[in-house]
Amino acid sequence: LFYESMPLYDFVVTTKSFELFNFVQVMGNENKVLFATQGFDKALHRPIVEWEKKKGVAFIGHYEKERRLPIVKLLQNEIDVTLAGIGWDKFVKSHQSPYLHYLGRGVFGEDYVRAISGCLYAWGSVSKWIPEKHTTRTFEIPACKTALLTERNDEIEEFFAEDEVIYYDGIENLIEKIKYFNEHPLELKTLIEKGYQKVQIGGFDYESIIRSLLQKIQVL
(Lines give C-alpha, C1' and ligand atoms only; values in the text may rest on other atoms or scores of the structure.)
Protein backbone atom coordinates (compact mmCIF):
# COMPACT_ATOMS: atom_id res chain seq x y z
CA LEU A 1 0.00 0.00 0.00
CA PHE A 2 2.87 2.34 0.79
CA TYR A 3 4.45 1.93 -2.63
CA GLU A 4 1.10 2.25 -4.39
CA SER A 5 0.50 5.63 -2.72
CA MET A 6 4.02 6.99 -3.26
CA PRO A 7 3.29 8.76 -6.60
CA LEU A 8 1.04 11.11 -4.59
CA TYR A 9 4.19 12.61 -3.08
CA ASP A 10 6.16 15.28 -4.91
CA PHE A 11 9.53 13.96 -3.75
CA VAL A 12 11.07 11.00 -1.95
CA VAL A 13 14.29 11.26 0.07
CA THR A 14 16.39 8.23 0.97
CA THR A 15 19.72 7.77 2.75
CA LYS A 16 20.19 4.31 1.23
CA SER A 17 21.83 4.34 -2.18
CA PHE A 18 20.75 0.75 -2.83
CA GLU A 19 17.11 1.91 -2.72
CA LEU A 20 17.45 4.60 -5.38
CA PHE A 21 16.58 2.45 -8.39
CA ASN A 22 13.44 1.05 -6.75
CA PHE A 23 12.19 4.48 -5.75
CA VAL A 24 12.80 5.86 -9.24
CA GLN A 25 10.84 2.97 -10.69
CA VAL A 26 7.89 3.68 -8.40
CA MET A 27 7.97 7.47 -8.76
CA GLY A 28 8.46 7.27 -12.52
CA ASN A 29 10.90 10.20 -12.51
CA GLU A 30 14.47 10.23 -11.22
CA ASN A 31 14.19 13.94 -10.40
CA LYS A 32 11.57 13.10 -7.77
CA VAL A 33 14.01 10.89 -5.83
CA LEU A 34 16.69 12.63 -3.75
CA PHE A 35 19.65 10.97 -2.05
CA ALA A 36 20.90 12.36 1.26
CA THR A 37 23.71 11.06 3.41
CA GLN A 38 23.27 10.05 7.00
CA GLY A 39 24.53 12.76 9.34
CA PHE A 40 25.24 13.99 12.84
CA ASP A 41 23.90 16.55 15.29
CA LYS A 42 26.42 19.35 15.92
CA ALA A 43 24.85 20.13 19.28
CA LEU A 44 25.15 16.53 20.48
CA HIS A 45 27.97 14.76 18.68
CA ARG A 46 31.09 16.57 19.82
CA PRO A 47 34.41 15.92 21.61
CA ILE A 48 33.83 15.78 25.37
CA VAL A 49 36.70 13.56 26.60
CA GLU A 50 40.24 14.96 26.75
CA TRP A 51 42.88 13.40 24.50
CA GLU A 52 44.91 12.14 27.45
CA LYS A 53 41.94 10.11 28.75
CA LYS A 54 41.01 8.45 25.44
CA LYS A 55 41.91 4.80 24.91
CA GLY A 56 40.93 1.74 22.94
CA VAL A 57 38.22 1.06 20.38
CA ALA A 58 34.47 1.59 20.68
CA PHE A 59 31.70 -0.20 18.87
CA ILE A 60 28.11 0.81 19.52
CA GLY A 61 25.71 -1.23 17.44
CA HIS A 62 23.70 -4.43 17.26
CA TYR A 63 25.26 -7.88 17.09
CA GLU A 64 25.81 -9.54 13.73
CA LYS A 65 27.85 -12.71 13.25
CA GLU A 66 30.15 -10.82 10.87
CA ARG A 67 30.93 -8.37 13.67
CA ARG A 68 31.94 -11.06 16.13
CA LEU A 69 35.41 -11.99 14.83
CA PRO A 70 36.81 -8.43 14.63
CA ILE A 71 35.86 -7.88 18.28
CA VAL A 72 37.45 -11.21 19.23
CA LYS A 73 40.66 -10.28 17.40
CA LEU A 74 40.83 -6.90 19.11
CA LEU A 75 40.56 -8.56 22.52
CA GLN A 76 43.11 -11.24 21.63
CA ASN A 77 45.55 -8.45 20.76
CA GLU A 78 44.96 -6.85 24.17
CA ILE A 79 43.19 -3.82 22.71
CA ASP A 80 40.58 -2.21 24.95
CA VAL A 81 37.08 -2.52 23.50
CA THR A 82 34.07 -0.50 24.66
CA LEU A 83 30.99 -2.37 23.45
CA ALA A 84 27.24 -1.75 23.56
CA GLY A 85 24.27 -2.88 21.54
CA ILE A 86 21.44 -5.35 21.18
CA GLY A 87 22.37 -9.03 20.94
CA TRP A 88 25.85 -8.96 22.50
CA ASP A 89 24.86 -10.55 25.84
CA LYS A 90 25.87 -14.13 24.93
CA PHE A 91 29.09 -12.92 23.35
CA VAL A 92 30.05 -11.00 26.48
CA LYS A 93 29.33 -14.00 28.74
CA SER A 94 31.52 -16.26 26.62
CA HIS A 95 34.36 -13.76 26.14
CA GLN A 96 35.32 -12.60 29.61
CA SER A 97 38.31 -10.28 29.23
CA PRO A 98 39.88 -7.41 31.17
CA TYR A 99 39.97 -5.56 27.85
CA LEU A 100 36.21 -5.76 27.25
CA HIS A 101 34.04 -2.98 28.68
CA TYR A 102 30.39 -3.80 28.06
CA LEU A 103 27.93 -0.94 28.50
CA GLY A 104 24.77 -2.96 27.96
CA ARG A 105 22.16 -3.27 25.23
CA GLY A 106 22.36 0.37 24.27
CA VAL A 107 23.72 3.81 25.14
CA PHE A 108 22.05 6.96 23.91
CA GLY A 109 22.37 10.73 23.90
CA GLU A 110 25.21 12.07 26.03
CA ASP A 111 26.14 8.53 27.16
CA TYR A 112 26.62 7.50 23.55
CA VAL A 113 28.76 10.56 22.84
CA ARG A 114 30.87 9.94 25.95
CA ALA A 115 31.43 6.31 24.96
CA ILE A 116 32.61 7.30 21.47
CA SER A 117 34.58 10.36 22.58
CA GLY A 118 36.27 8.34 25.32
CA CYS A 119 38.02 6.10 22.78
CA LEU A 120 40.86 6.78 20.36
CA TYR A 121 39.09 4.76 17.68
CA ALA A 122 35.53 3.69 16.93
CA TRP A 123 34.46 1.04 14.47
CA GLY A 124 32.01 2.27 11.87
CA SER A 125 30.91 -1.21 10.80
CA VAL A 126 28.20 -1.23 8.16
CA SER A 127 25.52 -3.89 8.40
CA LYS A 128 25.87 -7.05 6.36
CA TRP A 129 22.12 -7.72 6.75
CA ILE A 130 21.38 -5.04 4.18
CA PRO A 131 23.68 -3.66 1.44
CA GLU A 132 24.27 -0.29 3.11
CA LYS A 133 27.56 1.52 2.61
CA HIS A 134 27.54 4.09 5.42
CA THR A 135 25.67 4.76 8.66
CA THR A 136 25.14 7.58 11.14
CA ARG A 137 28.31 6.32 12.88
CA THR A 138 30.26 7.23 9.73
CA PHE A 139 29.87 10.91 10.68
CA GLU A 140 29.12 10.79 14.42
CA ILE A 141 32.51 9.21 15.18
CA PRO A 142 34.70 11.90 13.53
CA ALA A 143 32.41 14.56 15.02
CA CYS A 144 33.38 13.28 18.48
CA LYS A 145 37.09 13.66 17.57
CA THR A 146 37.60 9.92 17.45
CA ALA A 147 39.27 8.05 14.59
CA LEU A 148 36.79 6.28 12.33
CA LEU A 149 37.82 2.70 11.54
CA THR A 150 36.03 1.74 8.35
CA GLU A 151 36.04 -0.81 5.59
CA ARG A 152 36.78 0.71 2.23
CA ASN A 153 33.89 1.22 -0.20
CA ASP A 154 33.17 3.64 -3.02
CA GLU A 155 30.58 5.60 -1.03
CA ILE A 156 32.73 6.29 2.02
CA GLU A 157 35.69 7.13 -0.21
CA GLU A 158 33.57 9.96 -1.62
CA PHE A 159 33.24 11.38 1.91
CA PHE A 160 36.75 10.98 3.35
CA ALA A 161 40.32 11.12 2.12
CA GLU A 162 42.97 8.59 3.18
CA ASP A 163 44.35 10.89 5.87
CA GLU A 164 40.96 11.70 7.45
CA VAL A 165 39.83 8.24 8.57
CA ILE A 166 41.47 4.83 8.97
CA TYR A 167 40.59 2.56 6.06
CA TYR A 168 41.33 -1.13 6.46
CA ASP A 169 41.15 -4.20 4.25
CA GLY A 170 40.44 -7.28 6.36
CA ILE A 171 40.73 -8.01 10.08
CA GLU A 172 44.51 -8.44 10.18
CA ASN A 173 44.97 -5.11 8.43
CA LEU A 174 42.59 -3.52 10.97
CA ILE A 175 44.79 -4.76 13.84
CA GLU A 176 47.95 -3.60 12.06
CA LYS A 177 46.54 -0.11 11.55
CA ILE A 178 45.55 0.23 15.21
CA LYS A 179 48.94 -0.96 16.41
CA TYR A 180 50.69 1.44 14.03
CA PHE A 181 48.74 4.47 15.19
CA ASN A 182 49.13 3.45 18.85
CA GLU A 183 52.87 3.76 18.26
CA HIS A 184 52.47 7.04 16.34
CA PRO A 185 50.06 9.12 18.46
CA LEU A 186 50.90 12.44 16.77
CA GLU A 187 49.93 11.00 13.38
CA LEU A 188 46.72 9.67 14.92
CA LYS A 189 45.92 13.03 16.48
CA THR A 190 46.45 14.77 13.12
CA LEU A 191 44.21 12.26 11.34
CA ILE A 192 41.48 12.68 13.96
CA GLU A 193 41.62 16.46 13.61
CA LYS A 194 41.33 16.23 9.82
CA GLY A 195 38.36 13.88 10.10
CA TYR A 196 36.71 16.24 12.56
CA GLN A 197 37.20 19.23 10.29
CA LYS A 198 35.83 17.32 7.29
CA VAL A 199 32.48 16.58 8.93
CA GLN A 200 32.24 20.09 10.38
CA ILE A 201 32.60 21.84 7.03
CA GLY A 202 31.56 19.07 4.63
CA GLY A 203 27.81 19.50 4.98
CA PHE A 204 27.28 16.27 6.91
CA ASP A 205 25.44 17.78 9.88
CA TYR A 206 21.65 17.48 9.86
CA GLU A 207 20.99 21.19 9.41
CA SER A 208 23.25 21.36 6.36
CA ILE A 209 21.67 18.22 4.91
CA ILE A 210 18.14 19.63 5.26
CA ARG A 211 19.18 22.99 3.78
CA SER A 212 20.75 21.24 0.79
CA LEU A 213 17.63 19.15 0.19
CA LEU A 214 15.38 22.20 0.34
CA GLN A 215 17.58 24.03 -2.14
CA LYS A 216 17.41 21.08 -4.55
CA ILE A 217 13.62 20.92 -4.24
CA GLN A 218 13.29 24.65 -4.93
CA VAL A 219 15.30 24.27 -8.14
CA LEU A 220 13.27 21.27 -9.25
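Any chance you could count how many residues in the range 100-113 are part of a loop (DSSP other than H, G, I, E, B) and surrounded by fewer than 16 Cβ atoms within 10 Å (Cβ to Cβ)?
Total meeting the criteria: 4.
Scan the range 192-220 for residues that are charged (D, E, K, R) and open to solvent by 50 Å² or more (accessible area, probe 1.4 Å) and jot them down.
Residues satisfying the conditions are GLU193, LYS194, LYS198, GLU207, ARG211, LYS216.
In the range 37-87, how many residues are of a type in the set (A, V, I, L, M, F, W, C), open to solvent by 10 Å² or more (accessible area, probe 1.4 Å) and under 21 Å from LYS128 (Cα atoms)?
Residues in the range 37-87 being of a type in the set (A, V, I, L, M, F, W, C), open to solvent by 10 Å² or more (accessible area, probe 1.4 Å) and under 21 Å from LYS128 (Cα atoms): 4 in total.
Hey, does the range 25-36 have a residue that's of a type in the set (A, V, I, L, M, F, W, C), part of a loop (DSSP other than H, G, I, E, B), crowded, with 18+ Cβ neighbours inside 10 Å and touching a strand residue (DSSP E or B) at 6+ places or on another chain (Cβ under 7 Å)?
There is no residue in the range 25-36 that is of a type in the set (A, V, I, L, M, F, W, C), part of a loop (DSSP other than H, G, I, E, B), crowded, with 18+ Cβ neighbours inside 10 Å and touching a strand residue (DSSP E or B) at 6+ places or on another chain (Cβ under 7 Å).
Working only within the range 165-192, note down all residues that are among the aliphatic types (A, V, I, L, M) and under 18 Å from VAL81 (Cβ atoms).
ILE166, ILE171, LEU174, ILE175, ILE178, LEU188
Taking interchain pairs and intrachain pairs at least six residues apart, which have beta carbon atoms under 6 angstrom, with the first residue in the range 145-157 and within 19 Å of LEU188 (Cβ to Cβ) and open to solvent by less than 20 Å² (accessible area, probe 1.4 Å) and the second assigned to a helix (DSSP H, G or I) and β-branched (Val, Ile, Thr)?
THR146/ILE116; ALA147/ILE192; LEU148/ILE141; THR150/ILE156
Restricting the range 158-191 to residues that are more than 17 Å from the chain's Cα centre (by Cα) and among the aromatic types (Phe, Trp, Tyr), which is most open to solvent (accessible area, probe 1.4 Å)?
Among them, the one singled out is TYR180.
The values are calculated or read from the model by the stated rules, or taken from the named source; none is laboratory data. Worth saying up front: this structure is predicted, and the values here are computed from it rather than measured. Note: ideal-geometry Cβ built from the backbone for every residue, glycine included; neighbour counts use all protein chains shown. Heavy atoms of the whole protein, side chains included, go into the accessibility calculation; ligands, DNA and RNA do not. Shrake-Rupley method; radii C 1.70, N 1.55, O 1.52, S 1.80 Å.
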